[in-house]
Every structure is written in structure tokens, then in C-alpha cells.
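Engineer: Let me begin by handing over the structure; questions about it come next.
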Amino acid sequence: MKPSKRILVLTLLASSLAARARAADPAASPAEKAAEASARAWLALVDDGKYGESWDAAATMFRSAVTKAGWESALDGVRKPLGKVLSRKLRGAKSMTDLPGAPPGEYVVIQYDTSFANRASATETVTPMKEKDGSWRVSGYYIK
């Protein structure tokens, strides 16, 4: 499978899995808390229009699936028209170790209910994965 299709498959899969994600839980695991913190920091880059920096901060698997220029172009076409984020609320997070089309590993599929200036209601799905160095980095992003 081509790398660009692999990231698309991962993001589409993540959206379907996140639909079953449990509601935000104050007793979330340390991994879920770390992944969510990583997702929020990464989303802040995207919110600020720093698309290239969001690519730099993404997981190795993400960066190998799409070029930096390809990512910047994709977000410019999809995210920029939505306008400024007005609100973002955590809907749920689910720890996973196996996602179809992705290597085995530690993932957290996170969904947010988000309101943009030009779209009142959207669902953002962000999937951080635990890298070999122990850090959590985004491996997939999808807006519906």
C-alpha cells in the first residue's frame, strides 16, 4: 500500500474506532492523558496555521506517509476554509494496540467536538502513537 494511502486508511479507521471511544474519564490512564496532551499541543500548531511545524511534530509513521509539502497543501485546502476554532471539547479517548493497516503499537484514538468560525459542528479525530523514544506523537488526523 502506498504511504499516502496508508495514512488515509489509518485516519479513516481511527474515526470509526473513535466513534466507539468511551466518554472522557477523569480516571483516564497515564498513557491516555499523555496522548491527549500531545494531541492538544499538536492541534495548537494546526490552529495557528503552522502546518509545516505540525508535520515536523508528527509521528515518524505520519511523516513517512506524506511529504511536508503534501501535508501543508492538504491542510490548506481542508482546514483553512473552516476558519478559526471557536471551541473544542474532548468527546472521548480509547487506547488501542492494534489498528488495521498500521503496525502494532500503542495508540490512543481521541475525538473532539469542535466548532469552527465557518462550520458550527465538526468532529476531529486525532490519533497519537507512542514512539520508540517513549514520546507521544500524532499519527493520524481526520475532520468529519
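Engineer: Just for helices (runs of 4 or more DSSP H) wholly inside region 30-84: which have at least 2 residues that are closer than 16 Å to Thr127 by Cα?
Structural biologist: Answer list for region 30-84: 30-47, 51-57, 60-65.
Engineer: Quick one: count up the residues across region 92-129 that are closer than 12 Å to Glu36 by Cα, out of contact with any Pro (no Cβ under 8 Å at 6 or more places or on another chain) and crowded, with 21+ Cβ neighbours inside 10 Å.
Structural biologist: 9
Engineer: If only one of Ala14, Ala57, Ala18, Ala69 is hydrophobic (A, V, I, L, M, F, W, C), at pLDDT 95 or above and under 13 Å from the mean Cα position of the chain (by Cα), which one is it?
Structural biologist: That would be Ala57, the only listed residue that is hydrophobic (A, V, I, L, M, F, W, C), at pLDDT 95 or above and under 13 Å from the mean Cα position of the chain (by Cα).
Engineer: A further question follows. Can you name the residue in region 33-62 that is over 12 Å from Trp136 (Cβ atoms) and touching a strand residue (DSSP E or B) at 6+ places or on another chain (Cβ under 9 Å) and, of all such residues, is surrounded by the fewest Cβ atoms within 10 Å (Cβ to Cβ)?
Structural biologist: Ranking the candidates gives Thr60 first.
Engineer: What are the pairs, 6+ residues apart or on separate chains, where a residue within region 36-53 that is hydroxyl-bearing (Ser, Thr, Tyr) has its Cβ under 9 Å from a residue that is in a helix (DSSP H, G or I) and crowded, with 20+ Cβ neighbours inside 10 Å?
Structural biologist: So the pair list comes out as Tyr51/Trp71.
Engineer: Taking Lys89 as the residue in question, decide whether it is exposed (fewer than 15 other Cβ atoms within 10 Å of the Cβ) and touching an Asp or Glu at 6+ places or on another chain (Cβ under 6 Å).
Structural biologist: yes
The values are calculated or read from the model by the stated rules, or taken from the named source; none is laboratory data. Keep in mind that what you see is a predicted model, and the values were worked out from it rather than measured. Positions of Cβ are generated from backbone atoms using ideal geometry, with glycine treated the same way; all protein chains shown enter the neighbour counts.
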